[in-house]
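Student: The structure that follows is given in the form of structure tokens.
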Amino acid sequence: MTSTTRRHLLTASLALALAPTAFAQGSFPSKPITLLVPFAAGSATDQLARALGLSITEQTQQPVIVENKGGASGMIAAQAAAKAPADGYTVLITTNTTHAANEHLYKKLAYDPVKDFAPLTGLGKGGQVLVVPMNAPYKTVGELLAFAKAHPGKLSFGSGSSSSRMAGEMLKQLAGVDILHVPYKSNPLAITDLMGGQINLMVTDMSTGVPQIKAGKLRALGYSTPKRSPQLPDVPTIAEAGVKGYDMGYWFAAYAPAHTPAPVVAKLNQLLRTAVGSPAAASFFDMSGSEAWTTTPQELAQFQAVETTKWGQVIKAAGITPE
């Protein structure tokens with residue numbers, strides 16, 4: 001065999017070896033992508049998914065379907081995503097609920113938050129707002145807690161996500177008050193009952209709470225992170241209002257099923273990171289009081305591990321027994 005022939009064979013071998021990667025990067029996506037959302041339409045996660053979908057369609061000229069599978073603290077959608085084909089055409093747009101908190105809140109999960117998924121990228125981070133009905137007798141966090149202490153067990157708080165629930169549990173823990181927890185499938189459903197008087201308070205994501213606050217249907221008492229929200233600059237943080245050490249935010253992230261090919265993961269990371277910077281996403285972040293946050297797949301995996309430990313500590317400190 002001549003040296004020229006050997007070079008030709010080597011070149012052909014390399015071309016064949018690289019062909020699958022080149023094909024995957026060049027042809028994906030070639031059909032509609034489904035974004036699975038673990039919460040109801042109208043929730044913050046749903047709104048973000050729809051904003052991302054617009055940009056992905058603009059980038060790829062492929063339709064994006066947003067499918068809501070609410071209920072069971074996001075477990076229904078997470079399980080569906082975990083069992084979907086690992087081809088990149090099903091992406092879970094989710095939060096710390098399914099991928100950091102649930103394993104500490106439930107004895108058995110129908111999915112493994114680590115083994116069943118390929119991390120794609122972080123999407124955003126945000127804080128929450130403590131709200132009560134406009135006709136409530138308390139107008140500050142201090143007045144609310146004073147009422148709760150004077151009437152143990154009389155007040156109730158709703159939650160439709162782990163972030164919302166743990167925010168309420170942390171309030172109970174740090175303030176030393178007894179408030180009944182009422183679970184919901186999503187925050188919008190809890191907000192409806194809050195306005196209807198079925199529950200007394202909740203700590204909810206900004207995209208769900210702010211429209212009702214601005215419409216004069218709910219009163220904002222406090223913000224859940226140490227820094228005030230630009231959307232509600234006159235609303236003190238819950239820590240400012242007297243509950244020292246209070247800090248409970250949330251995050252959004254995207255995952256594909258485990259074993260999704262690396263080139264497809266890379267392409268989805270690229271598409272999603274571009275989508276996070278799109279005008280539609282910027283509008284969502286501005287409206288929701290959250291901020292854009294993107295990562296590499298590896299960075300998301302590392303962040304998730306740290307967050308899982310943190311949420312486990314908070315849940316244990318709150319005395320919550322896994323269901």
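The values are calculated or read from the model by the stated rules, or taken from the named source; none is laboratory data. What you see is a predicted model; the values in this text were computed from it and never measured. Positions of Cβ are backbone-derived with ideal geometry, glycine not excepted, and every protein chain shown enters the neighbour counts. For accessibility, only protein heavy atoms count, side chains too; no ligands or nucleic acids. Shrake-Rupley method; radii C 1.70, N 1.55, O 1.52, S 1.80 Å.
Student: When only residues in segment 278-291 that are of a type in the set (Gly, Ala, Ser) and under 16 Å from residue 50 (Cβ atoms) count, which is modelled with the lowest pLDDT? First the steps, then the outcome.
Tutor: Pass one, segment 278-291, residues of a type in the set (Gly, Ala, Ser): 278, 280-283, 288-290.
This time we only want the ones that are under 16 Å from residue 50 (Cβ atoms), so: 278, 280-283, 288, 290.
On the way: 278: 98, 280: 97, 281: 97, 282: 96, 283: 94, 288: 80, 290: 87.
Per the stated criteria, the residue is 288.
Student: Residues that are in contact with a Ser or Thr (Cβ under 6 Å, 6 or more places away or on another chain) and over 24 Å from residue 183 (Cβ atoms): does segment 104-120 have at least one? Let's see the steps before the verdict.
Tutor: Keep residues of segment 104-120 that are in contact with a Ser or Thr (Cβ under 6 Å, 6 or more places away or on another chain), which gives 118.
When the remaining residues are screened for being over 24 Å from residue 183 (Cβ atoms), the result is 118.
Yes, segment 104-120 has at least one match.
Student: If residue 144 satisfies every condition in (1) open to solvent by less than 20 Å² (accessible area, probe 1.4 Å); (2) under 23 Å from residue 99 (Cβ atoms) but one, which is the exception?
Tutor: The single condition residue 144 does not satisfy is (2).
Student: Here's another thing I want to ask about it. Every residue in segment 297-323 that is open to solvent by 40 Å² or more (accessible area, probe 1.4 Å) and either touching a strand residue (DSSP E or B) at 6+ places or on another chain (Cβ under 7 Å) or in a helix (DSSP H, G or I) (or both), please.
Tutor: Here is the first cut: in segment 297-323, the residues open to solvent by 40 Å² or more (accessible area, probe 1.4 Å) are 298-299, 301-303, 305-306, 309-310, 313, 316-317, 319, 321-323.
Result: 298, 299, 301, 302, 303, 305, 306, 309, 310, 313, 316, 317.
Here is a yes/no grid of residues against (1) under 15 Å from the mean Cα position of the chain (by Cα); (2) at negative phi; (3) not aromatic (Phe, Trp, Tyr):
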residue	(1), (2), (3)
38	yes, yes, yes
43	yes, yes, yes
50	yes, yes, yes
54	no, yes, yes
64	no, yes, yes
72	yes, no, yes
80	no, yes, yes
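For (1) modelled with pLDDT of 95 or more; (2) aromatic (Phe, Trp, Tyr); (3) on the phi < 0 side of the Ramachandran plot, each residue gets a yes or a no:
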| position | (1), (2), (3) |
| --- | --- |
| 125 | no, no, yes |
| 132 | yes, no, yes |
| 158 | yes, no, yes |
| 161 | no, no, yes |
| 184 | no, yes, yes |
| 193 | yes, no, yes |
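Student: Among 83, 69, which is the only one that is out of contact with any helix residue (DSSP H, G or I) (no Cβ under 9 Å at 6 or more places or on another chain) and not aromatic (Phe, Trp, Tyr)?
Tutor: Only one candidate qualifies: 83.
Student: Before we move on, is residue 120 buried (at least 24 other Cβ atoms within 10 Å of the Cβ) and over 24 Å from residue 160 (Cβ atoms)?
Tutor: Considered against the rule, which asks whether it is buried (at least 24 other Cβ atoms within 10 Å of the Cβ) and over 24 Å from residue 160 (Cβ atoms), residue 120 comes out as yes.
Student: Within segment 90-101, identify whether any single residue is open to solvent by less than 30 Å² (accessible area, probe 1.4 Å) and assigned to a loop (DSSP other than H, G, I, E, B), and answer yes or no.
Tutor: Let us first name the residues in segment 90-101 that are open to solvent by less than 30 Å² (accessible area, probe 1.4 Å), namely 90-101.
Next, from what is left, pick out any that are assigned to a loop (DSSP other than H, G, I, E, B): none.
No, segment 90-101 contains no residue that is open to solvent by less than 30 Å² (accessible area, probe 1.4 Å) and assigned to a loop (DSSP other than H, G, I, E, B).
Student: Something else about it: Filter segment 189-208 down to the residues that are of a type in the set (A, V, I, L, M, F, W, C) and either within 22 Å of residue 247 (Cβ to Cβ) or in a helix (DSSP H, G or I) (or both) and list them by number. Break it down into steps so the answer makes sense when it comes.
Tutor: Taking segment 189-208 and keeping what is of a type in the set (A, V, I, L, M, F, W, C), we get 189-191, 194-195, 199, 201-203, 206.
Answer for segment 189-208, where residues must be of a type in the set (A, V, I, L, M, F, W, C) and either within 22 Å of residue 247 (Cβ to Cβ) or in a helix (DSSP H, G or I) (or both): 189, 190, 191, 194, 195, 201, 202, 203, 206.
Student: Also, I was wondering about something else. Determine whether segment 131-140 contains at least one residue that is within 30 Å of residue 294 (Cα to Cα) and in contact (Cβ under 8 Å) with a residue 24 or more places away in the chain.
Tutor: First, pick out the residues of segment 131-140 that are within 30 Å of residue 294 (Cα to Cα): 131.
Pick out the ones that are also in contact (Cβ under 8 Å) with a residue 24 or more places away in the chain and you get 131.
Checked segment 131-140: at least one residue is within 30 Å of residue 294 (Cα to Cα) and in contact (Cβ under 8 Å) with a residue 24 or more places away in the chain.
Student: When the residues of segment 41-63 are narrowed to those that are within 22 Å of residue 207 (Cα to Cα) and open to solvent by 30 Å² or more (accessible area, probe 1.4 Å), which ends up modelled with the lowest pLDDT?
Tutor: Per the stated criteria, the residue is 42.
Student: Taking the condition more than 24 Å from residue 89 (Cβ to Cβ) and in contact with a Gly (Cβ under 7 Å, 6 or more places away or on another chain), does residue 248 pass? Even if it seems obvious, please write down each step before you answer.
Tutor: Numbers: more than 24 Å from residue 89 (Cβ to Cβ): yes; in contact with a Gly (Cβ under 7 Å, 6 or more places away or on another chain): no.
It is false that residue 248 is more than 24 Å from residue 89 (Cβ to Cβ) and in contact with a Gly (Cβ under 7 Å, 6 or more places away or on another chain).
Student: Also: In this structure, does residue 265 turn out to be touching a Leu at 6+ places or on another chain (Cβ under 6 Å) and either β-branched (Val, Ile, Thr) or open to solvent by 60 Å² or more (accessible area, probe 1.4 Å) (or both)? Talk me through it step by step, then tell me what you get.
Tutor: Working: touching a Leu at 6+ places or on another chain (Cβ under 6 Å): no; either β-branched (Val, Ile, Thr) or open to solvent by 60 Å² or more (accessible area, probe 1.4 Å) (or both): yes.
Judged against the criteria, residue 265 is not a match.
Student: Ok, one more. Confirm whether residue 143 is farther than 23 Å from residue 271 by Cβ, of a type in the set (Asp, Glu) and in contact (Cβ under 8 Å) with a residue 12 or more places away in the chain.
Tutor: In short, no.
Student: Would a scan of segment 278-289 turn up a residue that is under 30 Å from residue 221 (Cβ atoms), in a loop (DSSP other than H, G, I, E, B) and not hydrophobic (A, V, I, L, M, F, W, C)? Full working, then the answer.
Tutor: Taking segment 278-289 first, the residues under 30 Å from residue 221 (Cβ atoms) are 281-289.
Of the ones still in play, those that are also in a loop (DSSP other than H, G, I, E, B) are 289.
Subsequent filtering for residues that are not hydrophobic (A, V, I, L, M, F, W, C) retains 289.
There is at least one residue in segment 278-289 that is under 30 Å from residue 221 (Cβ atoms), in a loop (DSSP other than H, G, I, E, B) and not hydrophobic (A, V, I, L, M, F, W, C).
Student: Restricted to segment 110-139, and to residues that are assigned to a loop (DSSP other than H, G, I, E, B) and more than 30 Å from residue 270 (Cβ to Cβ), which residue is nearest to the chain's Cα centre (by Cα)? Let's see the steps before the verdict.
Tutor: Start the filter on segment 110-139 by keeping residues that are assigned to a loop (DSSP other than H, G, I, E, B), which leaves 110-116, 127, 134-139.
Applying the additional criterion that residues be more than 30 Å from residue 270 (Cβ to Cβ) yields 110, 134-139.
Values: 110: 19, 134: 28, 135: 31, 136: 29, 137: 32, 138: 30, 139: 29 Å.
The selected residue is 110.
Student: Moving to a separate point now. Could you tell me which residue of segment 156-188 is most open to solvent (accessible area, probe 1.4 Å), considering only residues that are assigned to a loop (DSSP other than H, G, I, E, B) and under 30 Å from residue 94 (Cβ atoms)?
Tutor: Just the residues of segment 156-188 that are assigned to a loop (DSSP other than H, G, I, E, B), to begin with: 160-161, 176-179, 184-186.
If we keep only those that are under 30 Å from residue 94 (Cβ atoms) too, we end up with 160-161, 179, 184-186.
Details: 160: 6, 161: 20, 179: 4, 184: 52, 185: 134, 186: 1 Å².
Ranking the qualifying residues of segment 156-188, first place goes to 185.
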